Structures are given as structure tokens and as C-alpha cells.
């Protein structure tokens, strides 16, 4: 067994007739890393929401993702199983070298090199609320990146704990409320108990960011 | 894109030289469903622990899994992404029709039909503690089940919440402590907000089990 490869014979397979469900983007909120920005690529963890057959995203005003989507009307959803990348892309700019580019609608669109799969969406029917932009999403191109499938993403409570801690860390930064710190400490202990090396590195970085 | 298939050309691929890491069983605790029982198959969610290069499992005394492993010295770790199956196998006996059988060491060993992948382990160096049996695990045979790969397991906080709620539900049943109910209610709300139909069904069943 040399590794886990979702498609044979191609290093990266692409499809323009996108069946979202085969990419695991399903009813509920899929936690992916969104890449945007034709001139200066950017990445941030953002959920793709599917509800009642509608696929959409909610982007907070003032973020790079919000600015890029407002202007360019496209985003890529990168499916990633690396807890450290979730934390890094939440709090830091990724390096330009971490992006690859795919041709979509005459554009050269940034995706993450280490994504296991990616879907580029066109954003339509943009609606601004007080704090956010809500955009409907139409998938226009997608691909698996076989080279990144080294193992199955087996459920791991440590990995899950990093996701939760990251969500609560952004809320803590916004509000400074102590209850978020308590939750973060709870999830740090879970990541340490159930996670591997990458979960521990991710939590260490998150603690550094928060000055803990 | 017709679906997500980890191996081509075979409905089920099997391997006897098992590279555990390609099955996603890695440092930390991998949450899988363990099947055991040559005469009467049984399944229960149990973590496979990898720590300092050692792979082992901790089984609580008095459970079916504990009895079967004590006697038969084998177990199968099934990689499953169905939240309802985690809850069902925690609190109920699965149907005999939900198991398939693979030949291992001259035995016909039960695995879960709906597993995305499975690894059969030999259990060695069994050690009893007051409440549990600890056994080292040597992988002897493994396989992917391509027919069960319909989509990528994209991180979903609702799915993760069902796992957490299930862990806390077993603790609540053991201790009756109110703090576990609070955690379960927190995760029910997360499963409802971020999960899909299967997460909601799983939490509904868990609430029924607890009489909530």
C-alpha cells in the first residue's frame, strides 16, 4: 500500500461539471480554507454552507476574503486536513509559494498547493448585511490533488479540538471574554491527549498568537 | 465526477503488508469502530492509540469487545464517517447483516460493511488493569472498500460534535453527573447548526437513549 489516492493515473484531476457532494460539500457547514485574490493570494478558514439546496458563504466585512470576493466574484474552497494550516491561515498570511494557480473563466485562480481537493466557485447574488457579505456559490471547476493523499483522514478528537479552539480564539480576539479562554484550554488538553504532532504544533502556535 | 474512490479497478482491495499510516492510523488516538466476535459479531467505537511508535488499545472490562478480545486475540478497526453509526454502535447491538467477513489467520473475521476502510489487528501482550485490558496491536490485514467512498470526509464541526456528545453520553450514563448533560446540550446545538441530516438523526437518537 503506497498511499491513499482518490483518482488513478493523474497527478491532479480536474472537472468542470462539478458534483459538489462527491467533494464532500454537503448539507450543513463544511470547514474548508477559502483562497481568493488574483493579484495577491490570500487564504482563511471559512465554512461553506449548504442549506435547503442552496450553497452560500458568509464573509465578515473588512477581511481580505471579503474584499477579494466583493471585487472578483470568485473563491476557491480548499479541502485540507492539516490542523496547523487551519491555525496559520486564521492568524497569518500564507507565503505566496504556498499557492498554485488554476485557469478558471479566463482567470488564473489561486488554490492551496497542499489541499487534498479544491472547488472554485463563482459568487452571485451578493448581499451585504451590517457585518457581513452573503454570496451564493456556483461551482465551476474542481479537482483532486492525488499527491496530497498520503493517508485517510480518520476521525481524531485532537484535530477536531484544534478547529474548535481556533473558532474560539477568533472570538476571544474580538471580545476578550474569559469564557473563550476556558474553552480554548479545554480543547488544548483534548488536542494534547488525542492529537498527533501536527495538532500539538497547531495548539502551540495558537497559544503564542493569544499570548498564553 | 462519479465519486471518490481511493483505489481503482477493485471493489475491495486488501493488503497483508499493512502500512498503518496510509490508513490514517497515526500518532494520537484514531476514533474508529472496533468489530470483534467470531461467533456473534459486535461493534463499538474505540480509539486506536499510537504513542511513541507503539500501537495499542484500552478496553473496558465487562464490554463485549473486552470479552471477545480476551478470548480471540484479534480485533478489526473500521474507519467510518457516519455519525449515526457511531451513536448506534455505542448504545445498541448492530444487526448481523451489517457485518461482512474477511479471512484472516484461518479465521473468518467480522468487519463493518459500510466501513470506508478496515484493518484487522492481532492483539498481543494483553495486560489487565483494575478496569481495563490493554493490548498491543499488530496489523495483519487491511483493505479499502471503494463502494463506500461516495464523498470526501470534509471537516464538519457538526460531525465532530456528535463524537464529543457520544463520549460525554457514556460518561453521563456511568456517573449521572450534570456537567456531562451541559456538554451534551452544547454539542447538540453545534450538531444542529453545522451538521447535516445524519448528524441530526444521530443526536436525536442520542437524546432518546438518555431520555432527554
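Each reported figure results from applying straightforward, stated rules to the coordinates on display, with no laboratory input. Computed from a prediction, not measured in an experiment: that's the story for all the values here. Note: ideal-geometry Cβ built from the backbone for every residue, glycine included; neighbour counts use all protein chains shown.
When a/c reaches 1.5 or more, the comparison of a/b and b/c decides; with that in mind, is the range B:131-179 rounded, prolate or oblate per its Cα gyration tensor? Here the range B:131-179 falls in the oblate category. Distance from the alpha carbon centroid of the range B:65-81 to that of the range A:38-89 works out to 41 angstrom. Of A:28, A:47, A:143, which is the most mobile in a GNM of chain A whose springs link Cα atoms less than 10 angstrom apart? Per the Cα network of chain A with a 10 Å cutoff, A:28 tops the list. The ellipsoid equivalent to the alpha-carbon distribution of the range A:6-149 has semi-axes of 22, 18, 15 angstrom, derived from the gyration tensor eigenvalues as √(5λ) and listed largest first.
With a Förster radius of 45 Å, plug the Cβ-Cβ distance of residue B:91 and residue A:39 into 1/(1 + (r/R0)^6) and report the FRET value to the nearest 0.05.
On the way: r = 54 Å, r/R0 = 1.19.
Given R0 = 45 Å and the Cβ-Cβ separation, E is 0.25.
Within 10 Å of each Cβ of A:74-80, how many other protein chain Cβ atoms are there on average?
1
Cβ crowding within 10 Å, taken as a proxy for footprinting-reagent exposure, orders B:98, A:177 from fewest neighbours to most as A:177, B:98.
Structure remark: mean-square fluctuation, Gaussian network model of chain A, C-alpha springs under 10 Å; the largest value among A:44, A:17, A:165 belongs to A:17. A straight line joining the Cα centroids of the range A:162-212 and the range B:111-180 runs 24 Å.
Normalised by 2.2 N^0.38 Å, where N is the number of residues, the alpha-carbon radius of gyration of the range B:70-212 equals 1.18. A Förster radius of 25 Å, combined with the Cβ-Cβ distance separating residue B:67 from residue B:185, puts the computed FRET efficiency at roughly 0.15.
P(r) for the protein assembly as shown, from all Cα pairs and a bin width of 20 Å, is 26, 58, 16, 0 %, short bins first. Extending 7 Å from the Cα toward the beta-carbon at both residue A:113 and residue A:140 defines two label points whose distance is 2.6 nm.
As a proxy for reagent exposure, ranking B:186, A:105 by other Cβ atoms within 10 Å from fewest up yields A:105, B:186. Note on chain A: with a GNM built from Cα contacts shorter than 10 Å, the maximum mean-square fluctuation among A:100, A:136, A:125 falls on A:125. For the range A:157-210, the fraction of C-alpha pairs more than 13 angstrom apart is 49%.
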